[in-house]
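Inspection log for the structure reproduced underneath, given as structure tokens.
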Amino acid sequence: MKQVHNFNAGPCVLPDQAIENSIEALKDFMGTGMSVIEVSHRSKEWSAVMDECRALWKELLHIPDTHEVLFLGGGASMQFLYVAMNFLENKAGYLETGVWAKKALKEAKGLGNAYAVASSADRTYCYIPKGYEIPEDLDYFHITTNNTIYGTEIRHDMDCPVPLIADMSSDIMSRPVDVSKYALIYGGAQKNVGPAGVAFAIVRKDALGKVSRYIPTMLDYRTHVDGGSMFNTPPVFPIFVMKETLKWLKGIGGVEAIHKINEHKASLLYQEIDRNSLFRGTAEKEDRSIMNVCFVMAPGYEELQDRFLDYAKGRGMVGIKGHRSVGGFRASIYNACPEESVKALIACMQDFEKENL
């Protein structure tokens, strides 16, 4: 198999252990003689997978009993609508820090009064807004903790006077989180916790049932709480891979351990970006993401962009081209991205500098 350094923003690199165990389950699931994608989701074997996966979530993030963990279809983009359906009664506030935050706000606006409390759109989302006040009459305040396109991240659990809701699609399980501060944490799995095809939601149960509108059955979080995420047939294979990914994470020391690893990987790469005369970072230093490292050619060297992309590709780098809306480069260094890949990219940047100065 060809060896590459995978910096794709999603679907992302997954642990070898999770992939290998999932391949075995595709062949024969728990000795049933059936593939994991053939077995009944009502079987005791599958129920054991759901129970283990949910237990791993609760253990790794220290999720209190006040909250329930859900596994849903539709990705984070469907959750944008779930959020407004289940929580918006009178007015909702959003922190607009990028494309995905803006899309989440759009869905809420379609159902009622929702607006941006603060925004960093004035500088192409290169920073996290600060110094704003959260109105106390909001039904909820929504944040997107990590902004994959622009490389910014909120890396603390804020105190909030109203129910706090967070899209943590791209940084969940990368750092410790005080779940008790949130009414809802949600996201797609395909960054840190599994393949595309399943979304997660960590919802505070007593925050549900507060709106007066009719909520369609499948868009009501209570449906999935009551049904144990199996009201309808769940996305079985993505959930199985998620379970195996979380087992890997637990095996290396859990969220606390991976947080230290992630900070180290990001520090190495940002140090090179700041040192290298051919590149510069795009996010404000105080708001830099440890998941998605975004950078461009330094002023005066813009014409080298395509040449560097080709050069990096020849060195086995995959997925470092920046999002089509901003250009430049993006190295997504999620949990399973090994330090050796980060060091390989750094060496690539150093060699390119030597050859082009």
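Roughly how large, in nm² to one decimal, is the mean projection of the convex hull of the alpha-carbon atoms in the range 100-153?
Numbers: hull surface 16.0 nm².
Average projection, Cα convex hull of the range 100-153: 4.0 nm².
Filter the trypsin sites (Lys or Arg not before Pro) in the range 21-88 to those in DSSP coil with at most 15 other Cβ atoms within 10 Å of their Cβ, and list the result. Mind showing how you got there, number by number?
Details: sites: Lys27, Arg42, Lys44, Arg54, Lys58; in loops: Arg42.
Loop-located and lightly packed - Arg42.
Restricting attention to the alpha-carbon atoms of the range 1-43, what are Rg (one decimal) and Dmax (integer), both in Å?
Computed over the Cα atoms of the range 1-43, radius of gyration and Dmax are 13.9, 39 Å.
Give, rounded to the nearest 20 debye, the magnitude of the charge dipole that the chain has about its Cα centre when Lys and Arg contribute +1 at Cβ and Asp and Glu contribute -1 at Cβ. Mind showing how you got there, number by number?
On the way: 39 positive and 45 negative charges, 94 e Å.
Roughly 460 debye for the chain.
Compute the orientation-averaged projected area for the chain from the convex hull of its Cα atoms and round it to one decimal in nm².
Working: hull surface 72.7 nm².
About 18.2 nm², averaged over all directions.
For the range 1-152, report the accessible area per residue in Å² (1.4 Å probe, heavy atoms, rounded to an integer). Don't jump to the answer; show the numbers that get you there.
Numbers: 6980 Å² over 152 residues.
Using a 1.4 Å probe on heavy atoms only, each residue of the range 1-152 averages 46 Å².
Based solely on its DSSP helices, what 222 nm [θ] is calculated for the chain when runs of n ≥ 4 H residues each add -39,500 (n - 2.57) and the sum is averaged over all residues, nearest 500 deg cm²/dmol? Working shown, then result.
Numbers: 9 runs with 126 residues, N = 357.
Rounded to the nearest 500, the figure is -11500 deg cm²/dmol.
If the elastic network links every pair of Cα atoms under 10 Å, which of Cys160, Cys294, Cys126 fluctuates the most in the Gaussian network model of the chain?
Cys160
Accessible area per residue for the range 290-344 in Å², computed with a 1.4 Å probe and the full protein assembly in place, what is it? Spell out each step's value before the answer.
Numbers: 2440 Å² over 55 residues.
Per-residue value: 44 Å².
Mind listing P(r) for the range 215-357? All alpha-carbon pairs, 10 Å bins, whole percents.
That works out to 10, 32, 24, 19, 11, 4, 0, in percent per bin.
Return the Rg/Rh ratio of the range 222-282 with Cα-based radii and a Kirkwood Rh. Intermediate values should be presented prior to the final figure.
Numbers: Rg = 19.3 Å, Rh = 15.2 Å.
Taking Rg over the Kirkwood Rh, I get 1.27.
Could you give me the radius of gyration and the Dmax of the range 261-325, taking only the C-alpha atoms into account and expressing both in angstrom?
12.1, 34
From largest to smallest, what semi-axes in whole angstrom does the range 65-146 give when each is the square root of 5 times an eigenvalue of its alpha carbon gyration tensor? Could the numbers behind the result be given before it?
Values: eigenvalues 90, 49, 34 Å².
In descending order, the three semi-axes are 21, 16, 13 Å.
Report the net charge of residues surrounding Gly187, where surrounding means a beta-carbon distance below 10 angstrom and charges are Lys +1, Arg +1, Asp -1, Glu -1.
Values: positive: Lys191; negative: Asp167, Asp171.
Residues close to Gly187 contribute a combined charge of -1.
Can you tell me the equivalent ellipsoid semi-axes for the range 40-93? Use √(5λ) from the Cα gyration tensor, largest first, whole Å. Mind dumping the intermediate values first?
Working: eigenvalues 151, 52, 17 Å².
They are 28, 16, 9 Å, listed from largest to smallest.
Anyone know which of Glu256, Glu244, Glu20 comes out most mobile in the 10 Å Cα GNM of the chain?
Comparing Glu256, Glu244, Glu20 in a Gaussian network model of the chain, the most mobile one is Glu20.
Using a cut-off of 22 Å between alpha-carbon atoms, which lysines can reach Lys181, once sequence neighbours fewer than 8 places away in the same chain are excluded?
Answer for Lys181, where 22 Å is the Cα cut-off: Lys58, Lys91, Lys130, Lys205, Lys210, listed by chain and number.
Under 18 Å between alpha carbons, and skipping anything fewer than 8 positions from Lys265 in its own chain: which lysines qualify?
Qualifying lysines at Cα under 18 Å: Lys191, Lys285, Lys343.
Along the positive direction of the dipole of the range 24-75 (beta-carbon charges: Lys, Arg +1; Asp, Glu -1; about the Cα centre), which of Val36, Gly73, Leu61 reaches farthest?
The residue sitting most towards the positive pole is Gly73.
How big is D, in µm² s⁻¹, for the range 67-204 by Stokes-Einstein at 25 °C and 0.890 mPa s if Rh is the Kirkwood radius over C-alpha pairs? Write down the numbers at each step before the final one.
Numbers: Rh = 14.8 Å.
Estimated via Stokes-Einstein, D reaches 166 µm²/s.
What share of Cα pairs, in percent, lie more than 29 angstrom apart in the range 1-152? Before the final figure, lay out each step's value.
Working: 4574 of 11476 pairs.
Tail fraction, whole percent: 40.
Mind checking which of Gly327, Gly209, Gly33 has the largest fluctuation in a GNM of the chain, springs on alpha carbons under 10 Å?
Gly33
Normalise the Debye intensity by I(0) for the range 136-246, one equal point scatterer per Cα, no solvent, then take log10 at q = 0.09, 0.11, 0.21, 0.22 Å⁻¹ and round to two decimals.
-0.26, -0.40, -1.30, -1.35
The values are calculated or read from the model by the stated rules, or taken from the named source; none is laboratory data. Because the structure is predicted, anything quoted here is derived from the model rather than measured. Virtual Cβ from ideal backbone geometry, glycine too; neighbours counted across all protein chains shown. To get the accessible areas, we keep the full protein, side chains included, count just its heavy atoms, and leave off ligands, DNA and RNA. Shrake-Rupley method; radii C 1.70, N 1.55, O 1.52, S 1.80 Å.
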